[in-house]
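**Student:** My questions will all concern the structure given below.
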Amino acid sequence: MFQKEIAEAVGAYDKYVICLGKAREDFEAALDSLILKAINAYEKRPAGMRHGIALDAHVTVILSQGDGPRPLCGIYFNLHSPYQKNALPTTVKRMNEPVSEKPHDADE
């Protein structure tokens, strides 16, 4: 199942993705495992949910309910660079304030 999607992902991996931590054979084995996990998550999803998801540090597999009997399969690469810098400068501190659902009134 999903052989076309797997073949396209492996082709894209060979052509576009540079990954020093995972050889092509390791990628294919991980992808097969993730497909099985996503199928399991899809089959056991709660009522009202439309997706089954499985991921590792390099790949995310999403199975989504479609109009036909076969779910749609999306394979995404989790791209990152070891050279990526922290988005916030060290002088900026993250604020952890609760989000209010009621609008803020200016006269309060």
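**Student:** Within segment 17-45, how many residues turn out to be modelled with pLDDT of 90 or more and basic (Lys, Arg)?
**Tutor:** 3
**Student:** Is it fair to say Gly48 is modelled with pLDDT of 85 or more, of a type outside the set (D, E, K, R) and either assigned to a loop (DSSP other than H, G, I, E, B) or closer than 13 Å to Ile75 by Cβ (or both)?
**Tutor:** So Gly48 passes the test.
**Student:** Go through segment 1-16 residue by residue and tally those that are in a helix (DSSP H, G or I), open to solvent by 80 Å² or more (accessible area, probe 1.4 Å) and modelled with pLDDT of 75 or more.
**Tutor:** So the answer is 5.
**Student:** Arg70 - would you say it is within 13 Å of Met1 (Cβ to Cβ), open to solvent by 60 Å² or more (accessible area, probe 1.4 Å) and assigned to a loop (DSSP other than H, G, I, E, B)?
**Tutor:** yes
**Student:** Take the residues in segment 17-32 that are in contact (Cβ under 8 Å) with a residue 12 or more places away in the chain and either open to solvent by 30 Å² or more (accessible area, probe 1.4 Å) or outside any helix (DSSP H, G or I) (or both); name whichever of them is nearest to Gly74 (Cα to Cα).
**Tutor:** By that ranking, first place goes to Asp32.
**Student:** Can I ask one more? Tally time: how many residues in segment 33-44 are in contact (Cβ under 8 Å) with a residue 24 or more places away in the chain, open to solvent by 30 Å² or more (accessible area, probe 1.4 Å) and of a type outside the set (Phe, Trp, Tyr)?
**Tutor:** So the count comes out to 2.
**Student:** I'd like the full set of residues that are touching a Phe, Trp or Tyr at 6+ places or on another chain (Cβ under 8 Å) and open to solvent by 70 Å² or more (accessible area, probe 1.4 Å), limited to segment 45-64.
**Tutor:** The answer is His51, and nothing else.
**Student:** Give me the residue from segment 54-67 that is within 19 Å of Val10 (Cα to Cα) and assigned to a strand (DSSP E or B) and, out of that set, nearest to the chain's Cα centre (by Cα).
**Tutor:** Checking each candidate, the answer is Thr60.
The values are calculated or read from the model by the stated rules, or taken from the named source; none is laboratory data. Worth saying up front: this structure is predicted, and the values here are computed from it rather than measured. Positions of Cβ are backbone-derived with ideal geometry, glycine not excepted, and every protein chain shown enters the neighbour counts. With ligands, DNA and RNA removed, areas are computed over all heavy atoms of the protein, side chains included. Shrake-Rupley method; radii C 1.70, N 1.55, O 1.52, S 1.80 Å.
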